[in-house]
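We did not get these values from a lab; they are worked out from the coordinates using the rules stated. From a predicted model like this one, the values you see are computed outputs, not experimental measurements. Cβ: placed from backbone, ideal geometry, glycine included. Neighbour counts: every protein chain shown.
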Amino acid sequence: MTTPAIPQAGSSPVLAPPLQRWQAWQALGHDLESLLLQPRAQPDFLSRIQALARTLDRLMVEDDNLGVFEAIRISPDKLARYGVLHSLHTAVVAWLVASRKEWSVERRRVLVQAALTMNIAVTSLQTTLALQPGGMQPGQQAQMRQHPLEGMRLLQSLGVGDEEWLDAVAQHHEQPKGKGYPMGLETCSEMADVLRTCDVFCAKMSPRAGRVALLSPTAAAAIFRHRSANYFGATVVTTLGLYPPGSLVALGSGEQAMVLRRTPNPHGPLVAMLTDPSGQPLPAPQPAVAGTARVAKVRGPGQDAGLAGLFPPEVVLAASA
Ligand SMILES: [Fe+2]
């Protein structure tokens with residue numbers, strides 16, 4: 001299906017701003033892929049990853065709902081390109097936490113750079129593991145256990161000198177009271193703490209071989225139970241809300257819908273209706289604000305993850321353009 005566009009008389013079609021930004025998010029994912037999969041082949045690695053972090057920051061400032069839509073929505077790519085997309089989506093959630101905590105723009109950008117590169121030593125192994133049924137082989141386990149320190153060393157060799165960035169990568173699997181790895185530190189840096197929490201949340205939101213992705217409220221509840229994510233976990237959940245953009249919801253009158261944008265009413269987001277009240281797919285997604293005089297409020301999470309693929313994301317987003 002082609003990307004919807006706003007027709008412009010006498011010129012080539014111009015995409016509506018949400019769709020332009022959507023394309024920018026997709027380009028960001030592809031650029032990140034080439035950097036993370038072959039970092040040593042990039043002579044200008046440092047300036048390129050910094051440029052990607054600036055782009056992500058700009059896109060989030062312009063429309064953070066769209067960034068969250070990209071991070072939360074269920075898509076086959078989340079499995080097939082797990083290693084890269086998991087880092088990108090963790091960076092989106094980390095950006096939200098930094099903004100909520102009113103970190104400086106400079107520090108927020110360092111956090112995004114750390115999130116994008118936290119698994120640089122195992123990007124393709126992470127995709128292999130996501131696709132692989134069963135547990136890890138011993139060799140894979142050893143690689144995973146060392147990847148925070150390996151990642152830090154690799155980044156140093158690629159020209160990264162920022163201590164906070166390097167520490168965050170080296171410590172992003174450490175946990176309080178020495179329960180993390182690889183160093184078993186008693187405490188870790190604040191930035192590593194944010195990374196770990198966002199990493200856990202995004203991992204729970206992603207599919208694995210033989211397991212569908214958790215729907216957003218389930219992942220939110222799970223993060224509260226995760227012992228290593230208790231401090232920033234609350235920030236992640238309150239910032240995203242129960243029904244963040246990209247999540248599937250059921251309305252009180254029976255329609256199944258995808259959230260496009262948060263509103264001040266937590267049960268009344270802007271949604272794209274996907275089905276009629278009996279659950280039959282609509283011919284095209286229909287925009288609606290839930291919880292208004294004519295549209296029921298959100299009753300709870302959607303029940304059918306398969307509806308996420310009913311329409312291409314560009315078509316769902318065009319419903320609100
Ligand atoms: Fe990691």
Quick one: dipole size for the chain, taken about the Cα centre, charges +1 on Lys/Arg Cβ and -1 on Asp/Glu Cβ, in debye to the nearest 20.
640
Find the percent of Cα-Cα distances in the chain that exceed 32 Å, and round it to a whole number.
28
Can you divide the C-alpha Rg of the range 63-201 by 2.2 N^0.38 Å and report the result to two decimal places?
1.03
Write down the radius of gyration of the range 248-318 and its Dmax, each obtained from C-alpha positions, in Å.
10.8, 29
Residues whose placed amide H lies under 5 Å from that of ALA319, excluding near-sequence neighbours:
none
Could you tell me which of rounded, prolate or oblate describes the range 42-114, using a ≥ b ≥ c as the square roots of the eigenvalues of the alpha-carbon gyration tensor, with rounded for a/c under 1.5 and, failing that, prolate when a/b is larger than b/c and oblate otherwise?
oblate
GNM flexibility winner over the chain from TYR231, TYR181, TYR82 (Cα, springs under 10 Å):
TYR231
Which residues make up the longest stretch of the chain clear of GluC sites (Glu not before Pro) that lie in a DSSP loop with no more than 16 other Cβ atoms within 10 Å, not counting the sites?
187-321
In the chain, which helices (entire DSSP H runs) extend 20 Å or more along their own long axis, judged by Cα positions, while averaging at least -0.5 on the Kyte-Doolittle scale?
17-37, 45-62, 82-100, 190-205
Comparing LEU131, LEU195, LEU85, which has the greatest mean-square fluctuation in the GNM of the chain with Cα pairs linked when under 10 Å apart?
LEU131
Please go through the range 125-208 and write out the trypsin sites (Lys or Arg not before Pro) that DSSP classes as loop and that have at most 15 other C-beta atoms within 10 Å.
LYS179
Choose one of GLN137, SER99, GLY67: the residue whose Cα lies farthest towards the positive end of the charge dipole of the chain (beta-carbon charges +1 Lys, Arg; -1 Asp, Glu; about the Cα centre).
GLN137
Any idea how far apart ALA234 and ASP31 come out in nm if each label point goes 7 Å out from Cα toward Cβ?
3.7
